[in-house]
Amino acid sequence: MLHPSRAVARVTYDRDAADAVLDEALTCHVGFVVDGRPHVIPTLHVRVGETLYVHGSTGARLLAAGRSAALPVCVTVSLLDGLVLARSAFHHSLNYRSVIVHGDARAVVDKDEKARVLAALVDRVGVGRSEQCRPPTPKELAATAVLALGLGDPSTDVALKSRTGPPNDDPPDLDSGYWAGVVPVRLTAGAAEPDCDLPVPTGLAPSLEARR
């Protein structure tokens, strides 16, 4: 369990480290408030330079709320790296990396910018994938919404929280005879399962390991 003093020590504002986590994570959760009620939705994201983009449907509450004005949001991505098994139940924990971004998101209305962002989102699935499939039609573009969050904006806060290493057992428990250690956890891609008779495109085969 998380000790308050340790929680503070696990937070950093190193942008390079935070960007690496944003780039490795395949999904994010976006929190926002509509009509006084909190909402959190999972969606796709991509970082392009100093801008974080999140994807959704024009009919979704998140994108509808961000149409007319800047929308205050909290974007979170989390990567699980290990299960931490301690000698005591109290000190069981997780090794993880998590980035939280607080800021004001804008709706992307420029067609060229939206097309570039959607291509970048598709390319996160497989290297060069946006060139290996049919591009979106004008109708599909109109039905797709994108929000942009400036990571370098003064009003945007980007924080990385992480835990690494073995259990933090209390000294009296070290010789208690109970097993302790870390079980590593990794997200890996399996072999592609074709939906046609064509060969699997280059770059689409398992590539999650390359993200780490």
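The values are calculated or read from the model by the stated rules, or taken from the named source; none is laboratory data. As the structure is a computational prediction, the values presented were derived from the model and not from experiment. As a convention, Cβ positions derive from the backbone with ideal geometry for all residues, glycine included, and neighbour counts pool all protein chains shown. Side chains included, ligands, DNA and RNA excluded: accessible areas come from the protein's heavy atoms. Shrake-Rupley method; radii C 1.70, N 1.55, O 1.52, S 1.80 Å.
Miscellaneous remarks
- Scanning the stretch 141-159 for residues that are modelled with pLDDT of 95 or more and either on the phi > 0 side of the Ramachandran plot or assigned to a helix (DSSP H, G or I) (or both) yields a count of 0.
- Scanning the stretch 160-174 turns up one or more residues that are touching a Leu at 6+ places or on another chain (Cβ under 7 Å), open to solvent by less than 30 Å² (accessible area, probe 1.4 Å), part of a strand (DSSP E or B) and touching a residue at least 24 places away in the same chain (Cβ under 8 Å).
- Hits in the stretch 188-202 - residues which are under 30 Å from residue 163 (Cβ atoms) and either of a type in the set (Val, Ile, Thr) or touching a strand residue (DSSP E or B) at 6+ places or on another chain (Cβ under 8 Å) (or both): 188
- Meets criteria (part of a loop (DSSP other than H, G, I, E, B), in contact with a Pro (Cβ under 8 Å, 6 or more places away or on another chain) and either among the polar types (S, T, N, Q) or farther than 25 Å from residue 40 by Cα (or both)) for residue 87: yes
- Close contacts from the stretch 1-25, counting a first residue that is among the polar types (S, T, N, Q) and a second that is modelled with pLDDT of 65 or more, with Cβ to Cβ under 9 Å and a gap of 6+ residues or different chains, come to 12/18; 12/159; 12/160; 12/161; 12/162.
- Close pairs (9 angstrom Cβ cut-off, 6 or more residues apart or separate chains): without any contact (Cβ under 8 Å) to a residue 24 or more places away in the chain and over 17 Å from residue 107 (Cβ atoms) in the stretch 27-51, aliphatic (A, V, I, L, M) and part of a loop (DSSP other than H, G, I, E, B) anywhere: 49/151
- Within the stretch 82-115, restricting attention to residues that are among the small types (Gly, Ala, Ser) and more than 28 Å from residue 16 (Cα to Cα), the residue that is surrounded by the fewest Cβ atoms within 10 Å (Cβ to Cβ) is 89.
- All positions within the stretch 105-135 that are more than 19 Å from the chain's Cα centre (by Cα), touching a residue at least 24 places away in the same chain (Cβ under 8 Å) and over 26 Å from residue 156 (Cβ atoms): 128, 129, 132
- Filter result (open to solvent by 30 Å² or more (accessible area, probe 1.4 Å) and under 13 Å from residue 45 (Cα atoms)) within the stretch 121-152: 122, 123, 124, 125
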